[in-house]
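Here is the structure we will look at.
Every number in this text was worked out from the coordinates using simple rules, so none of it is lab data. Please read all numbers here as calculations on a predicted model, not as lab measurements. Glycine gets a Cβ as well: all are built from the backbone with ideal geometry, and neighbour counts include every protein chain shown.
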Amino acid sequence: MDVGGGASRLVDCLLDSGYTDVTVVDVSEPALERAKRRLGDRAARVKWLAADVRELRLPGKVDVWHDRAVFHFLTEEADRAAYLDSMRAALRVGGYVVMATFALTGPEQCSGLIVSRYDAEMLRDLFGPDFQLVHSLERDHITPGGGAQRFTYALLRRAR
Ligand SMILES: C[S@@+](CC[C@H](N)C(=O)[O-])C[C@H]1O[C@@H](n2cnc3c(N)ncnc32)[C@H](O)[C@@H]1O
């Protein structure tokens with residue numbers, strides 16, 4: 001499941017790679033519509049959910065929770081707690097979280113909004129003792145305008 005996937009092309013890549021049970025969640029219906037239009041007939045192979053991740057409650061469990069550039073917009077403690085509750089409700093034990101947030105040296109704002117910045121240890125501590133940090137790295141994301149934004153990527157496994 002790609003959380004806050006919006007119009008991102010990750011879903012295209014997952015379908016290209018043979019994944020068959022893919023869900024994209026985003027609070028923005030127009031963003032989801034852009035992705036659907038781009039995929040054409042292939043859009044029918046994806047579950048699309050227009051929802052606020054902080055209120056997400058799914059009927060089943062997912063294997064992988066992927067978030068690039070959504071969690072870092074949650075700067076209030078209550079919003080982060082609601083997000084983590086949604087993630088716990090959605091992810092099966094043994095499943096993985098792939099998080100990409102602005103790194104400590106990344107931008108302080110995005111689209112005019114203040115963001116929170118993280119390193120991998122901060123993310124591990126936020127997710128708590130039920131999650132193991134499996135792998136992490138930092139990378140520059142090159143924006144369409146050519147600027148570099150430093151991101152932290154963390155792979156966490158839900159142990160219980
Ligand atoms: C910076 S974009 C990232 C899009 C995509 N993940 C990517 O990496 O290209 C942030 C996305 O998160 C969505 N978003 C923001 N707050 C959200 C929320 N509370 N619940 C669900 N989606 C949200 C926005 O609509 C937008 O599509």
So the label point goes 7 Å from the Cα of GLU76 along Cα→C-beta, right? Which residues of the range 95-118 then have their backbone N under 17 Å from it?
113-116
Relative to the present Cα-Cα distance, how much length would full extension add between GLU55 and ASP12 at 0.36 nm per residue of separation?
12.9 nm
Assuming a ≥ b ≥ c are the square roots of the Cα gyration tensor eigenvalues, decide whether the range 8-77 counts as rounded (a/c under 1.5), prolate (otherwise, with a/b larger than b/c) or oblate.
prolate
Cβ-Cβ cut-off under 11 Å around SER28, Lys and Arg +1, Asp and Glu -1: the net charge is -3
Could I have the simple spin-label model distance between ARG139 and GLN109, label points 7 Å from Cα toward Cβ, reported in nm to one decimal?
2.8 nm
Phi-derived 3J(HN,Hα) across the range 131-145 with the Karplus relation (6.51, -1.76, 1.60, θ = phi - 60°), rounded Hz, x for Gly and Pro, is 10, 9, 7, 8, 7, 8, 7, 10, 9, 7, 9, 8, 6, x, x
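Under a Cβ-Cβ cut-off of 11 Å, what is the net charge of the residues other than ASP16 that fall near it, where Lys and Arg count +1 and Asp and Glu count -1?
Cβ neighbours under 11 Å give a net charge of +1.
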Taking Cα centroids, how far is the range 27-44 from the range 91-135 in Å?
26 Å
For the ranges 107-113, 2-8, what's the packing order if you count other beta-carbon atoms within 10 Å of each residue, average per peptide, and put the highest first?
2-8, 107-113
When DSSP assigns beta bridges and you keep just the ones with both residues in the range 1-114, what percent turn out antiparallel, to the nearest 5?
10 percent
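Using the reciprocal of the averaged 1/r over all distinct C-alpha pairs, how large is the Kirkwood radius of the range 2-158 in Å? Walk me through the intermediate numbers first.
Details: mean 1/r = 0.0619 Å⁻¹.
Radius from the Kirkwood sum: 16.2 Å.
Only helical DSSP H runs with n ≥ 4 go in: add -39500 (n - 2.57) per run for the chain, normalise by residue count and round the 222 nm mean residue ellipticity to 500 deg cm²/dmol. Don't skip to the end; give the middle numbers.
Details: 4 runs with 40 residues, N = 160.
After summing the helix terms and dividing by the residues of the chain, the value is -7500 deg cm²/dmol.
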Out of LEU104, ALA82, GLY40, whose Cα points farthest toward the positive end of the dipole of the chain (charges: +1 Lys, Arg; -1 Asp, Glu; placed on Cβ)?
GLY40
